[in-house]
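Nothing in this text is a laboratory measurement; each read-out follows from the coordinates by a stated rule. Values in this document were obtained by computation on a predicted structure and should not be read as measured data. Neighbour counts run over all protein chains shown; Cβ positions are idealised from the backbone, glycine included.
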Number of protein chains: 2
Amino acid sequence: MAILNRCSVLILCGGLLSFPSSADEGLWTFDNPPVKLIQEKYHFTLTKEWLDHVRLSSVRLNDGGSGSFISPHGLLLTNHHVARGQLQKSSTAEHDYIQNGFYAATPDQEIKSPDLEVDVLMSTEDVTARVEAATRNAQNPEQQFAERKKIIAAIERESLDKTGLRSDVIALYQGGEYWLYRYKKYTDIRIVFAPEQQTAFFGGDPDNFTYPRYDLDMALLRVYENGQPIHSANYLKWNPKGAPDGDLVFVSGNPGSTERLDTVSQIEYQRDTAFPNLLNILRHRIEALQKFSATSEEHARQAASQIFNLQNSVKAIDGEEKGLKDPHVMDTKRADEEKFKAAVTQNPQLKSEYGNGWDEIAEAERKAATRAKEVYYHGVDSSLANLAATIVEYVAEIKKPDGERLPGFHDAQLDSLRFQLFSPAPIYKQMETARMTGALLLDLSEAGAGDAFVRTVLDGRTPHDAAVATIEPTKLDDPALRKQLIEGGEAAVAASADPEIVLARKLDPIRREMIKWQEDNVQSVEQRAGEKLGKARFAVYGRSTYPDATFTLRLSYGTIKGYPMNGTIAPPKTTLYGLYDRAAGFNYQAPFNLAARWREAAHTLDLATPINFVTDNDIIGGNSGSPVIDKNGEIVGLIFDGNIESLVGDFIFDGETNRAVAVHTAAMTEALRKLYGAQKLIDEMLGN
Amino acid sequence: MAILNRCSVLILCGGLLSFPSSADEGLWTFDNPPVKLIQEKYHFTLTKEWLDHVRLSSVRLNDGGSGSFISPHGLLLTNHHVARGQLQKSSTAEHDYIQNGFYAATPDQEIKSPDLEVDVLMSTEDVTARVEAATRNAQNPEQQFAERKKIIAAIERESLDKTGLRSDVIALYQGGEYWLYRYKKYTDIRIVFAPEQQTAFFGGDPDNFTYPRYDLDMALLRVYENGQPIHSANYLKWNPKGAPDGDLVFVSGNPGSTERLDTVSQIEYQRDTAFPNLLNILRHRIEALQKFSATSEEHARQAASQIFNLQNSVKAIDGEEKGLKDPHVMDTKRADEEKFKAAVTQNPQLKSEYGNGWDEIAEAERKAATRAKEVYYHGVDSSLANLAATIVEYVAEIKKPDGERLPGFHDAQLDSLRFQLFSPAPIYKQMETARMTGALLLDLSEAGAGDAFVRTVLDGRTPHDAAVATIEPTKLDDPALRKQLIEGGEAAVAASADPEIVLARKLDPIRREMIKWQEDNVQSVEQRAGEKLGKARFAVYGRSTYPDATFTLRLSYGTIKGYPMNGTIAPPKTTLYGLYDRAAGFNYQAPFNLAARWREAAHTLDLATPINFVTDNDIIGGNSGSPVIDKNGEIVGLIFDGNIESLVGDFIFDGETNRAVAVHTAAMTEALRKLYGAQKLIDEMLGN
């Protein structure tokens, strides 16, 4: 497990330029795959048909992961840890699908997920020229920023009107290019199968982001439209044998974000400001939830998914931070930048047009650091408070012209936003209180009692009293009230006496001031300077490269292979034997315990069945749930993690040790058939 | 496998002082075990009876390892990799006991090993006062060195005459103390059981010095005296269940050498001079033997053990070198030394007596470096040449008064030396030629054509021609000729026209000059300064500590427990499941292939049987074959390796990650019984 898109857990997305690639590196867009490179190295030709089929068989899940269709009847494979949020939201004290797993033996038993959206990339279009034309005459970064927002909103709106498809304009190559991505969007997604958490996440937090592994981190969903499963030829054929070691394989998925082309000053900001503060926040959140969990079994059940996600983020960020503290990594980064800078400086025209990009970004980072405490410690860690804040913003934003709204409130995005806002997923008030109390305690100690945000939230009360006073009486846990407020608009929100809305109204100006300040002082400067460096990079290194990850569809290639590990070599794959070895080695103590059916029916299994394997494909958080595809376009595995050596992959790709970790199709087949009585699903996948 | 005493492979033994201990650190002498510490931490009292029984059940093997008696009939357990040399020497092209393993179902099938000596420590005696009295009035280091040699030889001789026991005087605590160790010596050792190399050393060089592991690195020998198995109550009771995780366990064995109390200048010499040169030599030797191996299957068989030992040394030294290049390790060493130095300097008396110890050693290291090329590149890597050199030295040395002889030629040592000299073990001339050619090529390129040694050996010929000219015509591969020369004394050696003896006579003065120069300029200074620092350490830190390892019997304590590893945690134990997992994960490719009986009879095994486990006992090369003993004095495991994190243990002990790796008694029992048909041995071990 583990490589959830970090952006879905905390706002951390950057997304700048790209590298001249080496090894099997690269998060390639489907518009610009390295056809020649793969042809030369692997003697395999990526055809348009192959690419189209893979693209249309791949999906993005709004919970932060990826997936793929594996039957003509909308059967969708992703990771358990991607589907985990939906399993949690569908569970109750009586039916704990996380702990016990779930299998819908018949269609009517499939569970509708409350707020999962699945997107299929239908088409892409280069709109760089339109964006540039609209921003060319701006007088300063702030004005350029506003113009860029405006034209992007217009393009998205226009596309939505014309096609009815979800339409997003994204910046690639650090703003060197802008692209319109159109998605077919599905919101009726049902849960078909999930193993026990213990089986999906065997080894727990210790084994997370490591290899060798023994996790059946899979879940099966089904995509419906108009009350019926969709029918489509765009699915990946199930290959229960997997691919041989050393074979060329592809990963098609949605890597969340990479910062491989950040400037050194940006990386230093991450290392010295962002990561330490994020780790501090995450660890406090985990502590608060663990305290809450200890109060009852039902509380533990409620908090489990959150703790899981937070621990995942801590391990990822901790690994990234350690990577950045490795002098070798920073030395490499500095040397790369010096080389690039020298190439720009040597050319008078490049120098005059782009040469000050680095200094401008460094200045923006310095400014950002001055208000870091406010950025990181104005959090309330409450779903209810976040819903309230969004409602207060919503009613104000939609009155503005589309192009002037805050991010997330453009016309083309409102459908998806409302789907989230009106989610019927349960909200547990006692957990909300525990979370908010913990967050306010941290805000108080870090931002200080004099901070405007802290003063407003606490209003003279203790963190606990402030949390209780807002959470206990609010009715915002009822989606009907949220709908009513959104439909009632500004008047309804202004008139509401609900304590969450009251608080959100008070905090709104503080948030807006912060957003504005960041846009004016950091984002607009970073964007403009980023575009300069993006263009400079094109000029120096050409265009045969890939953009940093942006949680959009990418293709990576590589082979199944082991790697040097801790004094020896890690095997290309693990088997069910290893699952039983690791469990026994820890005396079956959690998190190395086995689910009952795995203990009891071990003798029915072929223990030599491969369960996990590693490839040197370039992946990153967000690729969770991506299919591993062989040359024939068949699915041979399911990406669910990266190894510990891959964590610094956000900044630098080391083909020697960076590995993607996948669930093998053989183990999925063996387990579905022999342990879960799901032969019917196997038949569907195999087209029997 | 892996922790053969490095001293047995290359002369590298140092052996200085000791640490104020922390964690479960310490290589304790049986005279001074940490009774109070263990009582306080583990509530277990080491009694004299317990210690005596364990000491008398423990043995040292002259091949560089340790072992223990496990039955009243002289049955001795050690590692396969310790017994490997004897297995190799007893094998032929027709009977390859390395590849196929060996089991003597009846006593008459037991194979007598050609040159294995086993020593049991019978008594120890502090002789510091006698050594100090004899050296107190020396005028300079050289004279002190000579006087020390003289008194030590006298004490050893006197003890031998009185007791008939092998008698060695050893320096502990960097010369702070001198002890007389008396051993009961056995030289009729027979091979009873060995698994296939592939089973003992599963995972090969990659897995060597790592964990998790799955090796049945065991061999059973039987100790005879007067043609009969010995009978003794001094053996360890076989505990086929092993000890539970977290339980207190002891290791009794002979750690070869540690340099934990080397000065920083000595460690820097190791890092910058010794290790790079040793690695260079070892890698060249491996290359030469691998080339030789490629020429035929029989050559491969002949060279296998040597390659094995050399690769083991490379991995160990490489790990140590990497450890010393870790700034944290050297910073810790520097800080420790500064602290110690400050404590000495603050006290005027200590300062005047001992304060210049560090500078004297640093000066000796500087001098040593000036002739490093000669030290490291005067090697011929030929068993025949080494035998010849020893014979030439022998006849000259024994004419001198005992106290003035070169090390190894004192009266008390001659028995053991002759046992080695007259070994009937086969010597393969083609392999000798390959080794010598390789060594001379390296000498030529490193020491240069003008070097006296190189000039003498080559005498105008190419390395290959020089090797052939000495090795092909020599008769020294016949032990009878060696005996004849030794018995004929100086006259016989002077008259010999055997080309190996002729060459050895020519090289003798060059070797002697080098030895003398080292004694006068390095060893004598290091010894005198070492004694100063040893005494200073007693004065500053007291005596509740342990001496650096000296390949003499030590006791270490600790518990069975996992450790943080590569982003996750390593389990306290592994099981047979894991063996099959790792084999399958690498598609059964060497070195991860399984011996036939393991493939074919897998279904008869209880795969949950533990095979290896880790403890935080402090061990080092030479501890190979040591028993792991529980509180009841029963044997629960067999030390065979350290993890990769332990390699820097030569210089610094980190209780957090440093682990000893042992074979579990359960797997030895399961395999002997179910796979090797050796129920009879199990019955003997269990006293049935």
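Details
- Inter-chain neighbour count for A:199-211: the average number of beta-carbon atoms from partner chains within 10 Å of each residue's beta-carbon is 2.
- Neighbourhood net charge (15 Å Cβ-Cβ; Lys/Arg +1, Asp/Glu -1) for B:GLU634: 0
- Across identical copies of the chain, A:GLU287 has label-point separations of 5.6 nm, listed in ascending order, with the point defined 7 angstrom from Cα along Cα→Cβ.
- Sequence-distant residues sharing a close amide H with B:ASP641 (under 5 Å, placed H): B:VAL661
- Across peptide A:558-570, the average count of Cβ atoms from other chains found within 10 Å of a residue's Cβ is 4.
- Net charge over other residues, Cβ less than 14 angstrom from the Cβ of A:LEU576 (K, R count +1; D, E count -1): +3
- With K and R counted +1 and D and E -1, the other residues having a Cβ less than 10 Å from that of A:PRO107 yield a net charge of 0.
- Taken about its Cα centre, the protein assembly as shown carries a charge dipole of about 320 debye when Lys and Arg each add +1 at the Cβ and Asp and Glu each add -1 at the Cβ.
- Nearest-first distances (nm) between copies at A:TYR588, label 7 Å from Cα via Cβ: 3.0
- Counting Cβ atoms of other protein chains within 10 Å of each residue's Cβ and taking the mean over peptide A:602-614 gives 2.
- Remark: the range A:217-233, residue by residue, has Karplus-estimated 3J(HN,Hα) of 7, 10, 8, 10, 10, 10, 9, 10, 9, 6, x, 10, x, 5, 10, 7, 7 Hz, where x stands for each Gly or Pro and the curve is 6.51 cos²θ - 1.76 cosθ + 1.60 at θ = phi - 60°.
- Prolate/oblate/rounded call for the range B:274-350, Cα gyration tensor, a/c under 1.5 rounded: prolate
- Relative to the other identical copies, A:ASN688 shows label-point distances of 4.6 nm, where the label point lies 7 Å from Cα along the Cβ direction and values run shortest first.
- Anisotropy class of chain B from Cα gyration tensor, a/c 1.5 cut: rounded
- Flagged links, alpha-carbon separation over 26 Å, of B:LYS150/B:LYS475; B:LYS149/B:LYS185; A:LYS339/A:LYS532; A:LYS674/B:LYS561: B:LYS150/B:LYS475; A:LYS674/B:LYS561
- Farthest toward the positive end of the dipole of the range B:89-182, out of B:PRO114, B:PHE102, B:LEU172, is the Cα of B:LEU172, where the dipole comes from beta carbon charges about the Cα centre.
- Here's the picture: charge each Lys and Arg Cβ at +1 and each Asp and Glu Cβ at -1 in the protein assembly as shown, and of A:PHE202, B:ILE515, A:GLN484 the one pushed furthest to the positive end of that dipole is A:PHE202.
- Ranking A:GLY227, B:TYR211, B:LEU248 by how far each Cα lies toward the positive end of the dipole of the protein assembly as shown (charges on Cβ) leaves A:GLY227 at the top.
- Taken about its Cα centre, the range B:239-308 carries a charge dipole of about 200 debye when Lys and Arg each add +1 at the Cβ and Asp and Glu each add -1 at the Cβ.
- Gyration tensor verdict on the range A:196-266 (Cα atoms; rounded if a/c is under 1.5, prolate if a/b is larger than b/c, oblate otherwise): prolate
- Over chain A: helical MRE at 222 nm, DSSP H runs n ≥ 4 each giving -39500 (n - 2.57), nearest 500: -14500 deg cm²/dmol
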